[in-house]
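See below for the structure under consideration.
Read-outs: derived from the displayed coordinates by stated rules, not from any lab. Owing to the predicted nature of the structure, the values given are computational and were not obtained by experimental measurement. Glycine gets a Cβ as well: all are built from the backbone with ideal geometry, and neighbour counts include every protein chain shown.
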Amino acid sequence: MAPRKNKHDEPAPSNLKHTAKSQRIPPPRLYLYFDAIIRHGSIRSAAEALRIASSALNRRLLDLEDEIGTVLFDRLPGGVRLTAAGEVFAAHVRRTLNDARQAGEQINKMQGAFSGHIAIGSAESAAIDVLPGLMASFQAEFAGARFTVAVGSPREILENLLDDRVDFILTHEEPSHHDVAVLARAPMPFCALMRAGHPLAGAARLNIRECQNFPIVLAQEQLAARTLVNAALNAAAPSVAPVLVTNMFEVMKKYVARTDAISFHFHLAPIGGESLEGLVAVPLADRQLAEAKLALAVRRSRVLPPIAAAVCERIQTLLRDSGGGKQPR
């Protein structure tokens, strides 16, 4: 006799179907629904994305809350918000979805298909100067490699790592969290960036006090670069008023190329070696800026999928070869 169909069973959402030939371990559909509600911020929006009725999705959520014995979302006028219990369950759901993805990619590797998705959380400087060349060279060897690079502040990329939204991170603010392991570090000193014809462009080294005779461009407060530069600026002359504040390196670069302004950046030439397109990067001698570093970190208890582990190992080698030395796990 055919099994009785549950009244709450809905057809699989079309955007959750996997059409590639690689193996995939299907996670519990209810977990996909729960994760969609979190990502879209409302039951209605999640239902539209999943192509199911919002009433059906809400019923599944109510059933789940009944089974667990607690409310997982606060219902608000504009959507939903996780409760404290919902946050705990959400962490479990994310890890379950990630484990399913990892298992599928490990099966692919066993079958000779070394391919899959690698998610990297990164400071903007490393995303611009370190990762593009590395990703391109890796994909030249393994055409099935697919990358996502999420650029953010140190706090944002750390949260993404702890929630398994990324496989590993490159950060200038070394994590002190007990569940994070730093695999490698590399010297990443600051430089003063200016146009090639700038009066200070010929200097071998500068200190930040010398730069303050010219207009100053700064990163936004939440970025790691701003924290370090603020300390040096305050020590030299606390009254500096920047002519431009932005969270985008490209905006800074194009602005200083057209003016006598100076901006401050992590100097990636030893690793990236990228052209500065008519700009000059002069190393800064201020101690807190000259001793800045870039760190590669992973969540300590997580086993990376084989392809993500291979990329992570290449970045470790790149950082160590640049002078970072071997780091304890």
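This ranking places His178, His267 by how few other beta-carbon atoms lie within 10 Å of each, fewest first, which gives His178, His267. Under a Cβ-Cβ cut-off of 9 Å, what is the net charge of the residues other than Ile118 that fall near it, where Lys and Arg count +1 and Asp and Glu count -1? For residues surrounding Ile118, the net value is 0. Size of the stretch 107-201: Rg and Dmax of its alpha carbons, in Å, are 16.7, 60. Rounded to the nearest angstrom and listed largest first, the equivalent-ellipsoid semi-axes of the stretch 22-106 from its Cα gyration tensor are 23, 15, 11.
Protection proxy ranking for 150-160, 76-86, using the average of other Cβ atoms within 10 Å per residue and placing the highest first: 150-160, 76-86. When each of Phe34, Phe138 is scored by the number of other beta-carbon atoms lying within 10 Å, the sequence from fewest to most is Phe138, Phe34. What is the Cα centroid distance between the stretch 109-181 and the stretch 40-69, reported in whole angstrom? If you average the Cα positions of each part, the centres end up 31 Å apart.
For the stretch 190-290, what class follows from the C-alpha gyration tensor (a ≥ b ≥ c being the square roots of its eigenvalues): rounded when a/c is under 1.5, otherwise prolate if a/b is larger than b/c, else oblate?
Rounded.
Residue exposure proxy: Asp74, Asp129, Asp260, ordered by other Cβ atoms within 10 angstrom of their Cβ from fewest to most, comes out as Asp74, Asp260, Asp129.
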